[in-house]
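Contents: one structure, followed by commentary.
The values are calculated or read from the model by the stated rules, or taken from the named source; none is laboratory data. What you see is a predicted model, and the numbers here were worked out from it, not measured in a lab. Cβ placement follows ideal geometry from the backbone for every residue including glycine, while neighbour counts extend to all protein chains displayed. Side chains included, ligands, DNA and RNA excluded: accessible areas come from the protein's heavy atoms. Shrake-Rupley method; radii C 1.70, N 1.55, O 1.52, S 1.80 Å.
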Amino acid sequence: MIGHRFTQFIPDNSDNGGFENLLKLFMQLIVVTSGDVSETLNWMNELDRKYNLTDGNYGMGDFIEDLKKKNLIDEDENDNSFVITPKSERLIRKQSLEEIFSKLKKSTRGNHSTPYSGHGDELTSERREYYFGDKPDQIDVTNSIKNAQINHGIDDFKLTENDLEIEEFDYKALNSTVLMIDISHSMILYGEDRITPAKRVAMAMSELITSKYPKDTLDVIVFGNDAWKIEVKDIPYLQVGPYHTNTVSGLELARDILRKRKTNNKQIFMITDGKPTCLKVGIKYYKNSFGLDRRIINKTFDQAAQCRKSGVQVTTFMIARDPYLQEFVREFTKINHGRAYYSTLSGLGDFIFEDYIRNRKKRIY
């Protein structure tokens, strides 16, 4: 008899408190502690005492030894402390990607779909009649010969222009993206950690582009009083500083980076939680944290216009819901012809990945 038999569910606790479960927690905490292995292990010990993460067969000491054996941490000879290894950095990026975009499949030509078709990059199932100007390698030879047999018969076989059938290809757009991360002091104010989700997004995007869109480029910059570029391997160690928010400096650096890229589609993703509060004038800083300073705001709007003129679209991810800040973002977005999202910390990665995959401008020259 065909049917279903229901039995009691018994969860698999074969690795309860084992290395793999502890490693997942370790990789989560190492991002929060900005790569401080000692602090991470102290936190794990506290959590173990409170929640019994380990058992009598496998303890935290065993976990630390396994981390060393698997080359995930290394000992710093200067002060006998532990540091994470490049292998751990790669694992953190991979885990961040899986959290945000877990169903990715690796592709050798990870590209972004556009509305254009013709002699493009990726074959589709669509077919159409031949038009003057179509290239010979677009001809579907099998279907064209079949059409000739139907139209003219076997005895009087000939292949004419009307018999030709063309394979449709979709163009795929290459993209250059600059991810701007606000590291001003407000990113950790009011008891809310906003920098850790931003770091996870940056690591996940770098892993996404490497695995699925290898022809695209991603540059990561941070901005506080000034703006500077960081390497992907440095993202886990990123910390918030006692900085104001110099959005103008960040946009100037992003435009300079994109100016050197040879792709047609260029964009900036800006993650911030507050208003611009700082300008660099010569070697001095002009700062004002009270309200929206007209001098600073106008310079920021000028950068929005310059980005638009350069063909660079700015997508702003605002981790704040103050009405006057949202009004500033709306005006900035209007000037740039860009996009804006008012995101929660938990939804930040989803917003950014959806926007990145949907691909934005979708232009081909």
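Tabulated data for the structure shown
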| quantity | calculated |
| --- | --- |
| Matching residues, the stretch 63-92, being open to solvent by 40 Å² or more (accessible area, probe 1.4 Å), touching a residue at least 40 places away in the same chain (Cβ under 8 Å) and in a helix (DSSP H, G or I) | 86, 91 |
| Flag for residue 349 being at pLDDT 85 or above and either basic (Lys, Arg) or surrounded by 20 or more Cβ atoms within 10 Å (Cβ to Cβ) (or both) | no |
| Residue tally, condition out of contact with any Asp or Glu (no Cβ under 9 Å at 6 or more places or on another chain) and buried (at least 22 other Cβ atoms within 10 Å of the Cβ), over the stretch 246-264 | 1 |
| Subset of the stretch 205-222 [touching a residue at least 40 places away in the same chain (Cβ under 8 Å) and hydroxyl-bearing (Ser, Thr, Tyr)] | 206, 211, 213, 217 |
| Count of residues meeting criterion [buried (at least 22 other Cβ atoms within 10 Å of the Cβ) and closer than 15 Å to residue 271 by Cα] in the stretch 200-220 | 7 |
| Candidate set: the stretch 301-331, residues that are among the polar types (S, T, N, Q), surrounded by 13 or more Cβ atoms within 10 Å (Cβ to Cβ) and outside any strand (DSSP E or B); chosen: the one modelled with the lowest pLDDT | 326 |
| Residues of the stretch 29-62 that turn out to be more than 13 Å from residue 84 (Cα to Cα) and assigned to a helix (DSSP H, G or I), as a count | 14 |
| Residue 104 at pLDDT below 85 and either assigned to a helix (DSSP H, G or I) or in contact with a helix residue (DSSP H, G or I) (Cβ under 9 Å, 6 or more places away or on another chain) (or both) | yes |
| Subset of the stretch 221-240 (residues that are more than 20 Å from residue 267 (Cα to Cα) and in a loop (DSSP other than H, G, I, E, B)) | 224, 225, 226, 238, 239, 240 |
| Evaluation of residue 270 against (1) within 20 Å of residue 221 (Cβ to Cβ); (2) modelled with pLDDT under 90; (3) not in a helix (DSSP H, G or I) (one fails), failing number | (2) |
| Flag for residue 296 being touching a Cys at 6+ places or on another chain (Cβ under 8 Å), of a type in the set (Val, Ile, Thr) and touching a residue at least 24 places away in the same chain (Cβ under 8 Å) | yes |
| Within the stretch 276-300, considering residues that are assigned to a loop (DSSP other than H, G, I, E, B) and among the hydroxyl-bearing types (Ser, Thr, Tyr), the one most open to solvent (accessible area, probe 1.4 Å) | 289 |
| Residues satisfying the stated conditions in the stretch 304-325, i.e. among the polar types (S, T, N, Q) and more than 19 Å from residue 341 (Cα to Cα) | 306, 310 |
| Residue in the stretch 146-161 that is modelled with pLDDT under 70 and either under 30 Å from residue 207 (Cα atoms) or touching a strand residue (DSSP E or B) at 6+ places or on another chain (Cβ under 8 Å) (or both) present | no |
| Test: residue 243 is of a type in the set (Phe, Trp, Tyr), part of a helix (DSSP H, G or I) and surrounded by fewer than 22 Cβ atoms within 10 Å (Cβ to Cβ) | no |
